[in-house]
1. Treating only the Cβ atoms of Lys and Arg (+1) and Asp and Glu (-1) as charged, compute the dipole magnitude of the stretch 5-53 about its Cα centre; round to the nearest 20 debye.
2. With the cut-off at 1.5 for a/c, could you classify the stretch 5-53 from its C-alpha gyration tensor as rounded, prolate or oblate?
3. What is the set of long-range amide H partners of residue 124 at a cut-off below 5 Å, with H atoms built 1.01 Å from backbone N?
4. Kindly put 61, 70, 26 in sequence by how many other C-beta atoms sit within 10 Å of each C-beta, fewest to most.
5. Less than 12 Å Cβ to Cβ from residue 69, Lys/Arg counted +1 and Asp/Glu -1: what total charge do the surrounding residues give?
6. Taking θ = phi - 60°, what integer Hz values does the Karplus form 6.51 cos²θ - 1.76 cosθ + 1.60 yield along the stretch 7-16, in sequence order, with x for Gly and Pro?
7. According to the square roots a ≥ b ≥ c of the eigenvalues of the Cα gyration tensor, what is the shape class of the stretch 5-108, taking rounded for a/c under 1.5, prolate for a/b larger than b/c otherwise, and oblate for the remainder?
8. If each residue's Cβ is checked for other Cβ atoms within 10 Å, how do 249, 41, 258, 82 rank with the fewest at the top?
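We did not get these values from a lab; they are worked out from the coordinates using the rules stated. Everything numeric in this text was worked out from a predicted model, so none of it was measured. Here the Cβ positions follow ideal geometry from the backbone for every residue, glycine too, while neighbour counts run over all protein chains shown.
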Amino acid sequence: EVRNPAIVNAFRRIGLSDQAGTGIRSIFNNWVYLGNTPPEVLNNKFAKTFELSLLKEKLLSEEQILFQSSIGVHLSPEHALVFAYACKHDRLTFTDIKAITGKTRSECREIGDHLVVQVLLQKVDDTSYEVTEHLKTHFVKSQTASVSGDSDQVDVDVNTDLPTPSDQVDNKIKPDLVTAITKTIKLSDKQRTILKKCEAPRSMAELQELFNYRNRSYFKKKIVNPLIESGLVQMTKPEKPNASNQKYVTTANGSRLVQSWRDDK
């Protein structure tokens, strides 16, 4: 909405402004492009004030990537960002989806409906969505999950058994849902190193050599298997787990996590 049309028209005539509204749109697009949470806008017409806040907070954070991996979802970068936003707020609207993706209203509807088909979101009304009840239940159960690891590091131990959609909870999803869940999901330094190395397929022997591990079964059980179970690493020959030429490589979520570490530097 143009608040001072006369001023806008004057500036446009002398070449000092473009089409009304493009500046705000550019701020949103560029800020989200950098990986941040969409800006917050407070437009108080009564007080005639306008406030735009740029939140230096990653939308697809390490915690969010671990969360999406732990529940076994495989999303495109665009869908992953929208779902991440939904996890941070009570509701997700077409306006929110547009702020994240820059898409048209019909395209925003397609994105929201796709996440409904994936049983990640449920419709609240014609223009808004919320996280599904079974994921809210997963949030409650995850708070009591345990963490196990080797003697010097805490390795990933993820509860990937999701309850059925029929399991209901009264709790409304909280803004810190992902943070609370990922308190039970921790990566050791060894596992972080493995994720970086496995951007290219690696054999078990190559991974053991990184840390001078001789006990193959212990190394696989305590360090590598949790990465596989959490959806961060996959076998190149999953149909033959004990194949002599078996190798391990990061999944899309694993690669996304490694890239987030690079972006933080």
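1. 240
2. oblate
3. Close amide H contacts, sequence-distant or interchain: 129, 130.
4. Starting with the residue having the fewest Cβ neighbours, the order is 26, 61, 70.
5. -2
6. Taking θ as phi minus 60°, the curve returns 5, 4, 5, 5, 5, 5, 5, 8, x, 9 Hz for the stretch 7-16.
7. Because a/c hits 1.5 or more and a/b exceeds b/c, the stretch 5-108 counts as prolate.
8. Ordered by Cβ neighbours within 10 Å, fewest first: 41, 249, 258, 82.
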